[in-house]
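The values are calculated or read from the model by the stated rules, or taken from the named source; none is laboratory data. Everything numeric in this text was worked out from a predicted model, so none of it was measured. When we count neighbours, we look across all protein chains shown, and the Cβ atoms used for this are built from the backbone with ideal geometry, even at glycine.
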Amino acid sequence: MTSVPVYIITGFLGSGKTKFVTEMLTDENFSEGERTLVLCCEEGEEEYDPEVLKKANAVLVPLEQVRDIAGHKLARLDREYKPERVIIEYNATWLLETLYQAKKPDSWELAQILDLVDATTFEMYLKNMRRYMADGLKEADLVFFNRCNQNTPKSKYRRAVKGLNNTTRVFFENLDGSTDDGVADEDLPYDVKATPIEIGDEDFGTFYLDAMEHPDRYDGKVIRARGRAFRMEDMPKNCYVFGRHVMTCCAEDIGGIGFLCQFKGEGPKTNDWIMVEARAEKSFSPLHNCEAIILTEQSAKPTGAPREELVYFN
């Protein structure tokens, strides 16, 4: 059975999904005349050009109600149009779980999820419609901010996204058409040249994300931070996870972040709050299954909990 790649383009109304899909269809590096089924799950301000669709060998099918993706609708569309590729312009307020649970042809195979974000409304939606905004950010392979200007706090937005989905790629499109990944705009709230690098309680999330993206920055450095000692199965001998609990979306969605920390002698008790001073080394981390930093404990002293026990990335 030949697989049919499915591309999901999600985002709020007005985030530029239709324009983005049109660019996909007209991009010679992406489209080579494959029969493409475009499923549009909401009616936006911009419409598809029939001539563009015809030239791209694409057919547009609107799915205006969430019930339209239920039942055997998708299977019927597959039989009718026999697509070689499917692009879904998805309504972010339907939540991706609805699409995941919908009955789909066995040949359909998820290829990529892209989340488009209007930089001018990002903070408002994240604050007032967090569940829906976070849904796409947590699942996306690529998050693309558009309508960025010189005042867009890219570093702040990048950290907010990475806090929800550390593996996604983040790009920013500026008003002049140029794009960048926002990394050059990083504004760390602590001095990485200090010995030790003092990580404030409120900055632990920033430290975690930056160390995961840029382990070279901390290689050979000594850090000092407050966190907890966690134990996990299959952990290397004489190691614990030094980290914190983090709220990624809502009060019901709390996870953990941290790094492997090697120790000698008697280690801290599980879940104890400790003030750790440790040397960081860039290495393969079995905890993250990628290059990260491994800590070697120099000292670990019992301490009280910080004023805010949870880490927030935004």
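Structural remarks
Conditions tested, residue by residue: (1) touching a Cys at 6+ places or on another chain (Cβ under 6 Å); (2) within 19 Å of TRP273 (Cα to Cα); (3) at pLDDT 90 or above.
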| residue | (1), (2), (3) |
| --- | --- |
| ILE199 | no, yes, yes |
| ASP216 | no, no, yes |
| MET232 | no, yes, no |
| MET235 | no, no, no |
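- A search for C-beta distances below 6 Å between a residue of the range 211-237 that is in contact (Cβ under 8 Å) with a residue 24 or more places away in the chain and surrounded by fewer than 17 Cβ atoms within 10 Å (Cβ to Cβ) and any residue that is hydroxyl-bearing (Ser, Thr, Tyr) and not in a strand (DSSP E or B), counting only pairs 6+ apart in sequence or on different chains, returns VAL222/THR195; ARG231/THR270.
- Among the candidates ASP180, ASP115, the residue that is modelled with pLDDT under 95, more than 18 Å from LEU209 (Cα to Cα) and of a type in the set (Asp, Glu) is uniquely ASP180.
- Within the range 188-197, if we keep just the residues that are β-branched (Val, Ile, Thr) and surrounded by fewer than 19 Cβ atoms within 10 Å (Cβ to Cβ), the residue that is modelled with the lowest pLDDT turns out to be VAL192.
- Subset of the range 168-184 (residues that are on the phi < 0 side of the Ramachandran plot and either in a strand (DSSP E or B) or free of Cβ contacts under 8 Å to residues at least 24 places away in the same chain (or both)): ARG169, VAL170, PHE171, PHE172, GLU173, ASN174, ASP176, SER178, THR179, ASP180, ASP181, ALA184
- Screening the candidates THR2, THR10, THR22, THR18 for the property of being hydroxyl-bearing (Ser, Thr, Tyr) and in contact with a Lys or Arg (Cβ under 8 Å, 6 or more places away or on another chain) yields one hit, THR10.
- Residues within the range 256-294 that are within 23 Å of LEU310 (Cβ to Cβ), surrounded by 14 or more Cβ atoms within 10 Å (Cβ to Cβ), more than 29 Å from the chain's Cα centre (by Cα) and not acidic (Asp, Glu), tallied: 3
- Test: residue in the range 75-84 that is among the hydrophobic types (A, V, I, L, M, F, W, C) and not in a loop (DSSP other than H, G, I, E, B): yes
- The residue pairs whose first member lies in the range 269-298 and is farther than 20 Å from ARG224 by Cβ, whose second member is surrounded by 18 or more Cβ atoms within 10 Å (Cβ to Cβ) and hydroxyl-bearing (Ser, Thr, Tyr), and whose beta carbons are closer than 9 Å, counting only pairs six or more residues apart or on different chains, are THR270/TYR240.
- Among the residues of the range 52-73, none qualifies, meaning not one is within 21 Å of the chain's Cα centre (by Cα) and in a loop (DSSP other than H, G, I, E, B).
- The condition of being farther than 30 Å from PRO153 by Cβ, modelled with pLDDT of 90 or more, among the β-branched types (Val, Ile, Thr) and assigned by TED's automatic domain parsing to the domain that holds VAL143 holds for only one of THR18, THR93, THR98, THR10, that being THR98.
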